[in-house]
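The values are calculated or read from the model by the stated rules, or taken from the named source; none is laboratory data. Here the structure is a predicted model, which is why all the values come from computation and not from measurement. Here the Cβ positions follow ideal geometry from the backbone for every residue, glycine too, while neighbour counts run over all protein chains shown.
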Amino acid sequence: MNKEDSTPSSTARRTFLGKLGGAAGCAGAAALGVIPAIAAKPEAAPPSGATAGASFPTKDYDWSTHQWGFGVDATKCIGCLRCVEACKNENSVPKNAHQFRTWVERYVHIEGDPEVHIDSQSDPVNIAASGSEKEFRFANRYKDAKVEKAFFVPKLCNQCTHPACVQVCPTGATFRTEDGVVLIDATYCIGCRYCVQACPYGARYFDEDRGVADKCNWCYHRITKGLKPACVEVCPVGARVFGDQKDKQSPISLFIRNNRVQVLRPETGNAPNVFYVGIDKEVN
């Protein structure tokens with residue numbers, strides 16, 4: 001991602017900090033029993049031009065006219081992991097087997113075994129099968145087992161409507177845009193990792209090289225230019241669906257309307273905006 005695409009303009013940044021900055025972050029952190037060491041002093045919000053037509057990230061993009069959503073059809077996913085590789089390349093995610101913006105989990109039910117076997121591309125057996133931490137594949141570890149059922153579940157940031165990560169951020173570095181995407185302004189991140197701990201989906205990681213928290217942002221630099229997220233673009237079976245929920249004929253609107261969808265861990269109150277089809281109760 002280019003720096004100019006990932007760093008909000010000062011106007012947009014001040015607008016969001018005025019709404020979501022220091023005081024709200026400290027209150028959320030205190031609610032979890034942690035006291036931030038540093039709290040940003042909220043800046044005075046300027047006139048609301050940042051949300052009136054000429055908004056972040058470019059002057060031609062109006063985030064008030066969109067409400068992005070993501071769909072995952074687990075009945076289609078084949079575990080090829082092209083999405084993971086595309087995401088790493090597109091977003092400069094560290095080239096290792098432990099840090100991801102998106103990942104895929106495999107769920108396997110074996111005859112006579114009450115335990116559900118779950119693994120992902122970061123599992124040591126799968127790393128060994130790929131031969132490199134820079135390449136990803138699922139080992140054929142169940143070839144001699146009597147498998148009753150198996151399926152793959154892609155996961156990523158849920159871009160929650162009520163994100164816990166935003167509530168605990170002491171500096172306002174993590175904020176939610178008007179079009180429904182939760183972003184991180186690396187220039188404000190102090191590396192406290194409260195957001196990593198607060199996320200109930202394990203969707204965040206800490207980038208040691210950059211000293212900041214990171215996560216999926218649905219390829220915000222792409223979708224604000226009319227493109228699809230990289231993972232959606234490369235999926236060979238259409239297991240990933242993306243679109244504008246304000247457009248009733250968009251792929252995501254049709255996906256939600258035509259399927260019995262569910263979200264992960266609804267009991268948390270985060271109100272995710274990633275909608276799933278074809279997952280069992282053990283997926284959380």
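Tabulated data for the structure shown
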quantity: All positions within segment 100-126 that are closer than 25 Å to Cys235 by Cβ, in contact (Cβ under 8 Å) with a residue 24 or more places away in the chain and surrounded by fewer than 14 Cβ atoms within 10 Å (Cβ to Cβ); calculated: Ile118
quantity: Scope segment 191-216; condition over 15 Å from Val168 (Cβ atoms) and surrounded by fewer than 16 Cβ atoms within 10 Å (Cβ to Cβ); matching residues; calculated: Gly202, Glu208, Asp209, Arg210, Gly211
quantity: Test for Asp209: is it more than 17 Å from the chain's Cα centre (by Cα) and within 21 Å of Gln99 (Cα to Cα); calculated: yes
quantity: Residues (touching a helix residue (DSSP H, G or I) at 6+ places or on another chain (Cβ under 8 Å) and either free of Cβ contacts under 8 Å to residues at least 40 places away in the same chain or of a type in the set (Lys, Arg) (or both)) located in segment 136-164; calculated: Arg137, Ala139, Asn140, Arg141
quantity: The one condition in (1) of a type in the set (S, T, N, Q); (2) closer than 21 Å to Gly172 by Cα; (3) buried (at least 17 other Cβ atoms within 10 Å of the Cβ) that Ser253 fails to fulfil; calculated: (2)
quantity: Any hit, segment 100-111, residues being of a type in the set (A, V, I, L, M, F, W, C), at pLDDT 95 or above, touching a strand residue (DSSP E or B) at 6+ places or on another chain (Cβ under 8 Å) and in a loop (DSSP other than H, G, I, E, B); calculated: yes
quantity: Matching residues, segment 221-250, being among the basic types (Lys, Arg) and either under 23 Å from Cys87 (Cβ atoms) or surrounded by fewer than 14 Cβ atoms within 10 Å (Cβ to Cβ) (or both); calculated: Arg222, Lys225, Lys228, Arg240, Lys248
quantity: Residues of segment 123-148 satisfying the condition of being modelled with pLDDT under 95, of a type outside the set (Val, Ile, Thr) and outside any loop (DSSP other than H, G, I, E, B); calculated: Pro124, Asn126, Ala128, Ala129, Ser130
quantity: Members of segment 164-174 found to be farther than 27 Å from Lys246 by Cβ and not in a loop (DSSP other than H, G, I, E, B), listed by number; calculated: Val168
quantity: Segment 54-106, residues that are over 16 Å from Ala203 (Cα atoms) and among the acidic types (Asp, Glu); calculated: Asp60, Asp62, Asp73, Glu85, Glu90
